[in-house]
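This report concerns only the one structure given below.
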Amino acid sequence: MTSFLRRGAGILWFPFFYGFQVVTSSARLGWDILTPGSASTPAFVEVPLRCRTDLEITAVANMVSLTAGTVTVAVRKDPPTLWVHGMYAKDDQGLRDHVHTMEDRLLGVTRAGGAPARRPVPGKGGAR
């Protein structure tokens, strides 16, 4: 019963989490556009995923692209991997962590058991 309640709470919380991501990233991008100079630190990184289904992979790729300042450039299904360009990535691992945070929330909604505890290592393939 507890996992049912936890998943239900995750489903209800997910739109607020993602909405906050969209609003804060849009505000950061807008501020950078309206102020002199540029605060961008672009990066292009490989992000191995723990997603298993086409729906999960597509949803994470779309969530990344719909968040201002990031875009999914390429997707591989086996092993599940995204290549992401981020405008405000202080380092590669920070951008990977950002994508994995979105993936954690999505997997918490799409899977009864939630997201796997282990995050994949770049170049080693996705976790199954």
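Using the Karplus relation 6.51 cos²θ - 1.76 cosθ + 1.60 with θ = phi - 60°, the per-residue 3J(HN,Hα) values for region 42-54 come to x, 8, 10, 10, 8, 10, x, 10, 9, 4, 10, 9, 4 Hz, with x marking Gly and Pro.
For VAL73, the residues whose modelled amide H falls within less than 5 Å of its own, excluding neighbours fewer than 5 places apart on the same chain, are TRP83, VAL84, HIS85. Here the residues THR110, THR70, ranked from fewest to most Cβ neighbours within 10 Å of their Cβ, fall in the order THR110, THR70. Beta bridges assigned by DSSP with both partners in the chain are antiparallel in approximately 90 percent of cases.
Listed values for region 76-86 are Karplus-derived 3J(HN,Hα) couplings in whole Hz (6.51 cos²θ - 1.76 cosθ + 1.60, θ = phi - 60°), namely 10, 8, 10, x, x, 8, 10, 10, 10, 9, x, and x replaces Gly and Pro. Ordering ASP78, ASP32 from the fewest to the most neighbouring beta carbons within 10 Å gives ASP78, ASP32.
Residues in region 91-103 carry Karplus couplings, in order, of 8, 4, 5, x, 5, 4, 4, 4, 5, 5, 5, 5, 5 Hz; the curve used is 6.51 cos²θ - 1.76 cosθ + 1.60 with θ = phi - 60°, and Gly or Pro positions show x. From least to most packed, judged by other beta carbons within 10 angstrom and beginning with the fewest, VAL109, VAL23 follow the order VAL23, VAL109. Both numbers refer to the Cα atoms of the chain; Rg and Dmax are 15.2, 54 Å.
Only the coordinates and a few stated rules stand behind these numbers; no lab work does. Since we're looking at a predicted model, the values are computed, not measured. All Cβ positions, even for glycine, are placed from backbone atoms using ideal geometry, and neighbour counts span all protein chains on display.
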